[in-house]
Amino acid sequence: MVELISIWIGAFITLCCFSFLYKDNPFYRFAESLFVGVSAGYYLSVVYFHQVLKPNLLAKLFPAAFASGEAASAAPDYWLIIPGILGCLMLLRFSQKLAWVSRFTVAFVMGVSTGLTIVTSTQQYLIPQIAKAIKPIIVSGNIWQSFSNIVLVVGSIACLFYFFFSTEHRGPVYGNLAKIGIWVLMISFGASFGATVMGRISLLIGRFSFLLHDWLHII
Amino acid sequence: MDIFLKLKNLDRRWVYLCVALSVILPMVFKFELPIYPGAAVKGIYNKIESLEPGSRVFLSFDFDPAAEPELGPGAIAIFVHMFRRNIKPIVGCNWPVGNEIAEKCITQAKEIHKNTFEKYNKENKLVKGCKIDPENGKDYVILGYKPGGIIHVKNLCTDFMGPYPQDKDGNPTDNMEIFKTANGKRFSMNDVALIISYTAGTNGIEAFISNEMFHKRPMAAGCTSVNIPRFTTYLQTGQLVGMIGGLPGAAEYESLVDHKGEGRAGMSPQSIAHLVIMIFIILGNLAFIAENRKMHKKKA
């Protein structure tokens, strides 16, 4: 019975959202507001409290009160008071006078994130991409591989030329390379557009599958 | 030419209707189109085939219900493949709602595995030790959501029990059979044979790629169609052994594991809808050219 009701509610909300394709209407606005409200409530209670704050901070600081099973008798981990205080400082953003204190937490998070990202970006993204872009232009006995490598090397260089803005995109070498760069970028945007269309149609299939199979039992 | 000019002013609602019909009609009047698995999908399949039975694979569900129609079918197909090969999935989530989706996918995969077990057993296609009903804690486990993304993954590289003292249902992970190691050390990312992340946005496979220097494990991704161009670069560099891109990727994997799921069912409406969109793009361009010509004629 519960499943049946949830399917009918899901179908109604789906149709409310689809109705926007005809024109804006109260049913669509109802679905939109409902989604915003339910998401906010769900994230605040289920995610932020029950999945983040409780198991990661409260259950470790006050195991007897918040943990269950064997973990309830574990010793409190007092190191977690530091991140707990840093988290509480963020709440001071609501006060006009004390909002500046929250910057300590922001600074800490930014420092850690930047430190990690600089190292990992260089080692895992920049260097492997450059290494794989260095290819032999002519591969003997394999014309297609040679063509593929030429496209990759010329395309990479041309795109980099296009994003070099300190000189005007003119002249036989610089101007033409920048033009090739634009073409390569346009092709990549086309690929991204095609992939996006594919993704959106997949989502539409998912919704129609729900309406026709789970709700109407037509298919 | 006038017909193209009229088309330029076509009400967009006719376009929506055509696209909707192009999806609905192939679903109602079912027909199948051939599916040819590509190198990226075969990469994951072959990697799982090459793993020793009993190996543990870490799967990260880094998406929410909005991406489920694209990533769910691929995840189910991989679970089915793993259960048939007696490979043990350890599921984590970098996205909060990944928990519920992972549980749903495992339940469906167990059902498919159970229904096809006898057939595959008769054909000798199951590995030794493969169970008809995989058990939670022994043959698979869902650990649940942890915040932190890249930092959380870095933690897992040294120890699983610290971030995950309990699984998502509150069972202690310390005594679970799935986490037992030969040398008695605490289980870490170094003990998994493969990492797969189903990624819809940030904190997905890139969180694992960022930590490659710490775990040094082979990685693969399931991603939404929008992310395919972005993640193809990691295939090219060899950082990913394979990739399931969107619903077509899921259909390809389903055909490899001989399962007719939502991926394969979605390929006929997907193809027809693409065809309709291509026709509209061509018509739109013809209308644009027709309008330009008319304006030039007027000026002349």
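Okay, here's what the table says:
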item: Acute angle (nearest 10 degrees) that the helix A:81-90 long axis makes with the longest principal axis of chain A, alpha-carbon atoms; result: 80 degrees
item: Degrees between helix A:143-162 axis and first principal axis of chain A (Cα, 0 to 90, nearest 10); result: 70 degrees
item: Between 0 and 90°, nearest 10: helix A:26-42 axis offset from chain A longest Cα axis; result: 70 degrees
item: Cα centre as origin, Lys/Arg/Asp/Glu Cβ charges: the protein assembly as shown dipole, Debye; result: 1540 debye
item: Local electrostatic count, B:LYS294, Cβ distance below 12 Å [Lys/Arg +1, Asp/Glu -1]; result: +3
item: Size of electric dipole in chain B: Cβ of Lys, Arg +1 and of Asp, Glu -1, about Cα centre, debye, nearest 20; result: 1060 debye
item: Pairwise Cα inverse-distance average, inverted: Kirkwood Rh of the stretch B:33-262 (Å); result: 17.4 Å
item: Within straight-line cross-link reach of B:LYS8, lysines at Cα separation under 26 Å, skipping those fewer than 8 residues along the same chain; result: A:LYS23, B:LYS294, B:LYS297, B:LYS298, B:LYS299
item: Helix-derived mean residue ellipticity, 222 nm - over chain B, DSSP H n ≥ 4, -39500 (n - 2.57), to 500; result: -16000 deg cm²/dmol
item: Among B:ILE178, A:LEU212, A:LEU152 - extreme Cα towards positive end, dipole of the protein assembly as shown, charges at beta-carbon; result: A:LEU152
item: Efficiency of FRET between A:ALA99 and B:ALA66 - r from beta-carbon atoms, R0 30 angstrom, step 0.05; result: 0.35
item: Qualifying trypsin sites (Lys or Arg not before Pro) in the stretch A:1-103, DSSP loop, other Cβ atoms within 10 Å at most 16; result: A:LYS23, A:LYS97
item: Cut-off of 10 Å, at most 11 other beta carbons, DSSP loop: longest stretch of chain A lacking such chymotrypsin sites (Phe, Trp or Tyr not before Pro); result: A:23-162
item: Three principal axis lengths of the stretch B:178-252 [C-alpha, angstrom, descending]; result: 42, 25, 20
item: Positive-pole candidate from B:ASN124, B:GLY266, B:LEU51, dipole of chain B, charges at beta carbon; result: B:GLY266
item: Alpha-carbon Rg/Rh ratio, for the protein assembly as shown, with Rh computed the Kirkwood way; result: 1.00
item: Loop-located chymotrypsin sites (Phe, Trp or Tyr not before Pro) in the stretch B:1-85 whose Cβ has at most 14 other Cβ within 10 Å (DSSP); result: B:PHE29, B:PHE31
item: Neighbour cut-off at most 16 other Cβ (10 Å), DSSP loop, trypsin sites (Lys or Arg not before Pro), the stretch B:113-149; result: B:LYS125, B:LYS128, B:LYS131, B:LYS138
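Rule-based calculations on the coordinates, nothing more; no lab input. What you see is a predicted model; the values in this text were computed from it and never measured. FYI the Cβ positions are ideal-geometry reconstructions off the backbone, even for glycines, and counts take in every protein chain you see.
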